[in-house]
Amino acid sequence: MNLSLRQHAITLSLLVALMLQIMPMPILVDPYRPDWVLLVLAYWTLALPQRVNVGVAFLNGLVLDVLLGTALGVHSLALSLVIFILAANYQRLRNYSVWQQAFMVGLLAALYHLVIFWLQHLLTDIYFLFDYLWPVLTTMLFWPWCFAILRKIRRQLKVS
């Protein structure tokens, strides 16, 4: 059982993130929903860049596009871009404190949302509202907890 969990820990955590991303929430709280998929991908990219990379981000972006009903490729491009930047700088970012990492994840989440907005603006002619950036703040605030939980899972299961 432990060997099976060890082999599929990354996949299971990404499935949980996808479920959290589409889980119904009250209307007042929904605009603040953190980017769970981005958080989990960011952790695994920092922890195991040889296993979680741009390809994994692209595939999860396609699944997210299907689940959210957006144009195919919007989330894929945005996630791929963010994970590429993260993977290119993972050695430097690993040395930062968790709060410094949270700030960097917040910047990457802002880039993610701006790329999604830009692509959707080109495709559907939507207009920018400040509410589009609330998930950036919540993603940044959830990073320390996400980091601690996934690190504990990685160490207990000895995922490598």
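The values are calculated or read from the model by the stated rules, or taken from the named source; none is laboratory data. Treat the numbers as computed from the prediction; the structure is a model and nothing was measured. Positions of Cβ are backbone-derived with ideal geometry, glycine not excepted, and every protein chain shown enters the neighbour counts. Each accessible area value is taken on the protein alone, full model and side chains, heavy atoms only, with ligands, DNA and RNA left out. Shrake-Rupley method; radii C 1.70, N 1.55, O 1.52, S 1.80 Å.
If you average 1/r over all unlike Cα pairs in the chain and invert the result, what Kirkwood radius do you get in angstrom?
For the chain, inverting the mean 1/r across all distinct Cα pairs yields 16.0 Å.
Can you pull the accessible area of Leu72 for me, 1.4 Å probe, Å² to the nearest 10?
Surface open to solvent at Leu72 totals about 130 Å².
Please find, in a Gaussian network model of the chain (springs between Cα atoms separated by less than 10 Å), the residue of Ile85, Ile27, Ile116 whose mean-square fluctuation is greatest.
Ile27
Calculated from DSSP H runs of 4 or more alone, at -39500 (n - 2.57) each and per residue, what is the 222 nm mean residue ellipticity of the chain, nearest 500?
The helix contribution divided over the chain gives -25000 deg cm²/dmol.
If the elastic network links every pair of Cα atoms under 10 Å, which of Leu68, Leu39, Leu14 fluctuates the most in the Gaussian network model of the chain?
Its mean-square fluctuation being the largest, the pick is Leu68.
Taking the Cβ of Ala87 as the center, what net charge do the other residues with Cβ under 15 Å away carry, scoring Lys and Arg +1 and Asp and Glu -1?
Residues near Ala87 contribute +3 overall.
Charges at C-beta only: +1 for Lys and Arg, -1 for Asp and Glu. How large is the resulting dipole of region 2-157 about its Cα centre, in Debye rounded to 20?
900 debye
How much of the accessible area of region 30-160, probe 1.4 Å, is carbon plus sulfur, in whole percent?
68 percent
Test of understanding: in a Gaussian network model of the chain with alpha carbons linked when under 10 Å, which of Pro31, Pro135, Pro49 would top the mean-square fluctuation ranking?
Comparing Pro31, Pro135, Pro49 in a Gaussian network model of the chain, the most mobile one is Pro31.
Just to confirm, what accessible area per residue do you get for region 34-160 at 1.4 Å probe, in whole Å²?
In whole numbers, region 34-160 has 53 Å² accessible per residue.
So for the chain, averaging the separation of alpha carbon pairs under 8 Å that are six or more residues apart and normalising by length, what relative contact order in percent results?
Reported relative contact order: 29 percent.
At a threshold of 8 angstrom on Cα-Cα distance, excluding pairs fewer than six apart, so keeping six or more, what relative contact order does region 1-70 reach in percent?
30 percent
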